[in-house]
Amino acid sequence: MTNVRDLLIRGSEKVIDHYRLLLAGAKTEKERELYLSRIEREQRLLVQIRGGLPNRVAA
């Protein structure tokens, strides 16, 4: 079960990284809001996967 959990965590982290790249290149406020909301959603999922304990690394 841990391997699946680790896979989900790595996948979510990659998704967040991808949205951060898109956010950096966003041309409109609407795009920025979209990418920020998706990053926040993915971060909430990560918290759930990790068992409710946020494990954030300073960027």
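Below is a table of values for the structure above.
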item	result
Extreme residue, modelled with the highest pLDDT, among residues of region 26-59 that are closer than 18 Å to D6 by Cα, in a loop (DSSP other than H, G, I, E, B) and among the aliphatic types (A, V, I, L, M)	L53
Residue in region 16-25 that is modelled with pLDDT under 95, out of contact with any Phe, Trp or Tyr (no Cβ under 8 Å at 6 or more places or on another chain), open to solvent by 70 Å² or more (accessible area, probe 1.4 Å) and among the aliphatic types (A, V, I, L, M) present	no
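The values are calculated or read from the model by the stated rules, or taken from the named source; none is laboratory data. All values reported here derive from a predicted model rather than from experimental measurement. Cβ coordinates were reconstructed from backbone atoms using ideal geometry, including for glycine residues, and neighbour counts include every protein chain displayed. Note: accessible area is taken over every heavy atom of the protein model, side chains too, but ligands, DNA and RNA are not part of it. Shrake-Rupley method; radii C 1.70, N 1.55, O 1.52, S 1.80 Å.
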